[in-house]
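The values are calculated or read from the model by the stated rules, or taken from the named source; none is laboratory data. In this text the structure is predicted, and so the values were computed from the model without any measurement. Neighbour counts are summed over all protein chains in view; Cβ atoms, including those assigned to glycine, are modelled from backbone coordinates with ideal geometry.
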Amino acid sequence: MSNLVEEFMKKIIAKNPGEVEFHQAVKEVTESLMPFIQEHPKYQHAKILERIAEPERIIIFRVPWVDDKGEIQVNRGYRIEMNSAIGPYKGGLRFHPTVNLSILKFLAFEQVFKNSLTTLPMGGGKGGSDFDPKEKTDNEVMRFCQSFMSELSRHIGADTDVPAGDIGVGGREIGFMFGQYKRLRNEFTGVLTGKGLEWGGSLIRPEATGYGQVYFAEEMLNTRGDSLKNKICTVSGSGNVAQFATQKAIQMGAKVVTLSDSGGYIHDPDGINEEKLAFVMNLKNVKRGRIKEYADKYKCTYVEGKSTPWEVPCHVALPSATQNEISGADAALLIKNGCFVVSEGANMPSTPDAIDIFLKSKILYGPGKAANAGGVATSGLEMSQNSMRLSWTRQEVDSRLHQIMKDIHSTCVKYGKEKDGYINYVNGANIGGFVKVAEAMLAQGIV
């Protein structure tokens, strides 16, 4: 079987040279799917995997804008429209200096499977720019977003492609882009998700990825007759996902002891409570400060220059920052220090070596395409509310989100349970996400 994977990957690498993150994402999925595809020749005959790995459309464009000093700046914009077999393209926009074609293709590829798992009618896409919103004024961010949307607006629409936020794209950026789309197209429509509540947004959407990540961890623990109550949790990151994962973990009785950013991480052995979390939210969302200020205020440990907290002993690890933040060495250390649950809030935060260690150790490991699907699931619920011109209550959206995470978990168990009873959530998520898309592609012919 490994020969078939190698042959497949040789073709992918030759066609997409230098795109290491994309290669990593495709290989991880292919290793899960190849035995399943061999057992179901119809998928092999129709070259479904080959077609899923090739984007339907890639859009690359120039984004010129003027900074506050009157200087012209030029960034590059992208939209990867990966697969629309089960619905309009759906996936976030990322504004970060590291953004390139490889990262966005890996994210779009993952998104296809993630969106399929949610049970909602959404295809997969991803986009963004190498623009860095950090240390830019609101006016500079507005001018960039308006220029970006002036081009992107030609390619998206409520029934075509519905972007959302991602790293560097929060409520401010979504607002500026939505305003420009409305101005250019002269229509008020649900073309972006993550909107403000006053103009078509959904309750729970900001919380959804972090909440879903914790709901998924709880579902995994339930398979062993356990729960999050009294578990020590380490969380990486301190942005949107990390904040709400922390909030939900606290609500479910766990003790969260770490948060991080690119400057370092804090370790608070007393645990982060609601009051401390409110400080973090103000620090990050309003003041746009550094997590070190938490350590200064609450007199706890701050480890400078280390952006991940995986050396801190825990029962549950909730990686919520960025891709490849858990190395093989980190994974071994986590397990040595007593960690037996990893639920991913970030996209592909574990390297292939780390995933191998988690699976060989038979811990509860929830990969991002399953564990962090709550965000895009709630984006899908926002799309439904926009289509019906309705606004559901907070309780109703949270209840639907919780049920979707339970359904995703059930799909993973269905396709991932091994002969010895161990649930391989990697295989379960990949196969479960693949089947729905593959059947739709077979039905729609060679397109």
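Counting only residues that are in contact (Cβ under 8 Å) with a residue 24 or more places away in the chain and within 16 Å of Gly366 (Cβ to Cβ), the range 209-241 holds 23 of them.
Scanning the range 134-157 for residues that are part of a loop (DSSP other than H, G, I, E, B) and at pLDDT 95 or above, we see that the one that is farthest from Gly92 (Cα to Cα) is Thr137.
The residues of the range 122-155 that are surrounded by fewer than 24 Cβ atoms within 10 Å (Cβ to Cβ) and under 18 Å from Leu107 (Cα atoms) amount to a single one, Asp130. Count of the range 437-447 residues, restricted to those that are in a helix (DSSP H, G or I), more than 15 Å from Val29 (Cα to Cα) and either at pLDDT below 95 or in contact with a helix residue (DSSP H, G or I) (Cβ under 6 Å, 6 or more places away or on another chain) (or both), is 1.
Okay, residues lined up against (1) within 21 Å of Gly212 (Cβ to Cβ); (2) not polar (S, T, N, Q):
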| position | (1), (2) |
| --- | --- |
| Thr258 | yes, no |
| Ser262 | no, no |
| Gly271 | no, yes |
| Asn285 | yes, no |
| Ala295 | no, yes |
| Thr322 | yes, no |
| Ala329 | no, yes |
| Lys336 | no, yes |
| Phe358 | yes, yes |
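Does Lys126 meet the test of being touching a Leu at 6+ places or on another chain (Cβ under 7 Å) and within 30 Å of Ala440 (Cβ to Cβ)? It is true that Lys126 is touching a Leu at 6+ places or on another chain (Cβ under 7 Å) and within 30 Å of Ala440 (Cβ to Cβ). All of Arg205, Arg224 fail the test of being within 14 Å of the chain's Cα centre (by Cα) and on the phi < 0 side of the Ramachandran plot, apart from Arg205. For Ile335, are the conditions met, namely being of a type outside the set (S, T, N, Q), surrounded by fewer than 24 Cβ atoms within 10 Å (Cβ to Cβ) and touching a strand residue (DSSP E or B) at 6+ places or on another chain (Cβ under 8 Å)? When the stated conditions are applied, Ile335 does not pass them.
Among residues of the range 336-350 that are assigned by TED's automatic domain parsing to the domain that holds Ile363, those with a Cβ under 9 angstrom from a residue that is basic (Lys, Arg) and surrounded by 24 or more Cβ atoms within 10 Å (Cβ to Cβ), sequence gap 6+ or separate chain, pair up as Glu344/Lys369; Asn347/Lys114; Asn347/Lys369; Met348/Lys369.
Here is a yes/no grid of residues against (1) free of Cβ contacts under 8 Å to residues at least 24 places away in the same chain; (2) touching a helix residue (DSSP H, G or I) at 6+ places or on another chain (Cβ under 7 Å); (3) crowded, with 17+ Cβ neighbours inside 10 Å:
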| site | (1), (2), (3) |
| --- | --- |
| Gly271 | yes, no, no |
| Lys276 | yes, yes, yes |
| Asn282 | yes, no, no |
| Cys300 | no, no, yes |
| Trp310 | no, yes, yes |
| Leu318 | no, yes, yes |
| Thr322 | no, no, yes |
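Annotation: Ser236 fulfils all but one of (1) modelled with pLDDT of 95 or more; (2) surrounded by 24 or more Cβ atoms within 10 Å (Cβ to Cβ); (3) within 25 Å of Glu396 (Cα to Cα); the unmet one is (3). Tell me, which residue of the range 392-429 that is of a type in the set (Ser, Thr, Tyr) and out of contact with any helix residue (DSSP H, G or I) (no Cβ under 6 Å at 6 or more places or on another chain) is farthest from Leu33 (Cα to Cα)? Per the stated criteria, the residue is Thr393. For the range 41-61, taking the residues that are in contact (Cβ under 8 Å) with a residue 60 or more places away in the chain and either more than 19 Å from Val26 (Cα to Cα) or polar (S, T, N, Q) (or both), the one that is surrounded by the fewest Cβ atoms within 10 Å (Cβ to Cβ) is identified as Lys42. For the range 185-237, a residue qualifies if it is among the hydrophobic types (A, V, I, L, M, F, W, C) and outside any helix (DSSP H, G or I), and the qualifying residues are Phe188, Val191, Leu192, Leu203, Ile204, Leu228, Ile232, Cys233, Val235.
Taking into account only those residues within the range 308-335 that are of a type outside the set (A, V, I, L, M) and touching a Phe, Trp or Tyr at 6+ places or on another chain (Cβ under 6 Å), which is nearest to Asn240 (Cα to Cα)? Across the range 308-335, the extreme among qualifying residues is Pro309. Counting the residues of the range 362-414 that are among the hydroxyl-bearing types (Ser, Thr, Tyr), farther than 14 Å from Tyr211 by Cβ and not assigned by TED's automatic domain parsing to the domain that holds Ala321 gives 6. Answer yes or no as to whether Gln247 is under 20 Å from the mean Cα position of the chain (by Cα), touching a residue at least 24 places away in the same chain (Cβ under 8 Å), surrounded by fewer than 24 Cβ atoms within 10 Å (Cβ to Cβ) and not in a loop (DSSP other than H, G, I, E, B). Against the criterion (under 20 Å from the mean Cα position of the chain (by Cα), touching a residue at least 24 places away in the same chain (Cβ under 8 Å), surrounded by fewer than 24 Cβ atoms within 10 Å (Cβ to Cβ) and not in a loop (DSSP other than H, G, I, E, B)), Gln247 qualifies. Against the numbered list (1) surrounded by 14 or more Cβ atoms within 10 Å (Cβ to Cβ); (2) touching a residue at least 40 places away in the same chain (Cβ under 8 Å); (3) more than 25 Å from the chain's Cα centre (by Cα), Glu304 comes up short only at (1). Please verify whether the range 258-278 includes one or more residues that are among the hydrophobic types (A, V, I, L, M, F, W, C), more than 30 Å from Asn386 (Cα to Cα) and in contact with a Leu (Cβ under 8 Å, 6 or more places away or on another chain). The answer is yes; a qualifying residue exists. The set of residues from the range 385-418 being surrounded by fewer than 16 Cβ atoms within 10 Å (Cβ to Cβ), part of a helix (DSSP H, G or I) and either of a type in the set (Gly, Ala, Ser) or without any contact (Cβ under 8 Å) to a residue 60 or more places away in the chain (or both) comprises Ser387, Met388, Gln395, Glu396, Ser399, Gln403, Ser410, Lys414.
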